[in-house]
Amino acid sequence: MPKRTKINGPASQKEIKGALKTHTQPHQQIRLLAIRMATVGQWTRAQIGQAVGKGRATIGRWLKSYQHGGIETLLDRKYAGKQPTLRSDDIDALKEVLREGRFKTAKEIAHWLKTQRGIELISGVYYWLSKLIGRHKVPRKVHHQQDPQRFRFLQANSLLNNSSLLIDGLFTSLYGTERVSTPCQNQINSPSR
């Protein structure tokens, strides 16, 4: 049977309870709750970990940091997250060349970043374009037989709004006459009652 965890750390039960009320970040509250459970001494590390949704080894690390430095050391996160690929001066330079309109493709931007700034972005060009509100300069290709007037009509009248009226209106605008409904093939072949 695993032994129960009981620690008498630098902080008292009242201090831990007070810290639980003042620290509102979820990761801080989970750590403080685990420490509070460990000071009570009724649970094992595995049971504490299961209660807070962490592993036994994580609870052990938290207990060790709490015993060595108290609540402040327990709540201190030592990592800051991933640093952005482009620094602020790189972002300013990219904004400037985007305003000039030098590029037509993302490959051209990636090549410029590699040659001029020494940064190799493989798939992050679209991320930075969306972040800097860059837009594609080259419009999408349009079929040579597409009629701009018909296209504008379809854009103005969405298929979601009154689809039967739209079809009648489209038919009328395209061919100049009303659409004639024809009976379905299964209605012709079905026996009449």
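Computed from the coordinates by the stated procedures, all read-outs in this text should not be read as laboratory data. Nothing here was measured: the structure is a model prediction, and the numbers come from that model. Positions of Cβ are backbone-derived with ideal geometry, glycine not excepted, and every protein chain shown enters the neighbour counts.
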Give me a comma-separated list of calculated 3J(HN,Hα) values for region 27-44, in order, Karplus coefficients 6.51, -1.76, 1.60 applied at θ = phi - 60°, integers in Hz, x for any Gly or Pro.
5, 6, 5, 5, 5, 5, 5, 5, 5, 4, 5, 6, 6, 5, x, 9, 10, 8
Can you compute 3J(HN,Hα) from phi for each residue in region 70-77, using the Karplus curve 6.51 cos²θ - 1.76 cosθ + 1.60 with θ = phi - 60°, rounded to whole Hz and x for Gly and Pro?
x, 5, 5, 5, 4, 7, 6, 9
Mean Cβ-within-10 Å packing, highest first, puts peptides 141-154, 25-38 in the order 25-38, 141-154
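Which pairs in the list K3/K82; K21/K131; K6/K82; K54/K131; K82/K141; K14/K64 are over 31 Å apart, alpha-carbon to alpha-carbon? Intermediate results must be reported in sequence, preceding the final value.
On the way: K3/K82 39 Å; K21/K131 37 Å; K6/K82 36 Å; K54/K131 35 Å; K82/K141 38 Å; K14/K64 20 Å.
The answer is K3/K82; K21/K131; K6/K82; K54/K131; K82/K141.
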Debye equation applied to the C-alpha atoms of region 88-131, log10 I(q)/I(0) at 0.15, 0.30, 0.34 Å⁻¹
-0.30, -1.39, -1.62
For W62, W112, ascending order of other Cβ atoms within 10 Å (fewest first) is W112, W62
Expected sort for 41-50, 100-109 on mean C-beta neighbours within 10 Å, highest first, is 41-50, 100-109
Tell me, what ³J(HN,Hα) does each residue in region 83-97 have, in order and in whole Hz, if you take phi through Karplus 6.51 cos²θ - 1.76 cosθ + 1.60 with θ = phi - 60° and put x for Gly and Pro?
7, x, 5, 9, 7, 5, 5, 5, 5, 4, 5, 5, 4, 4, 6
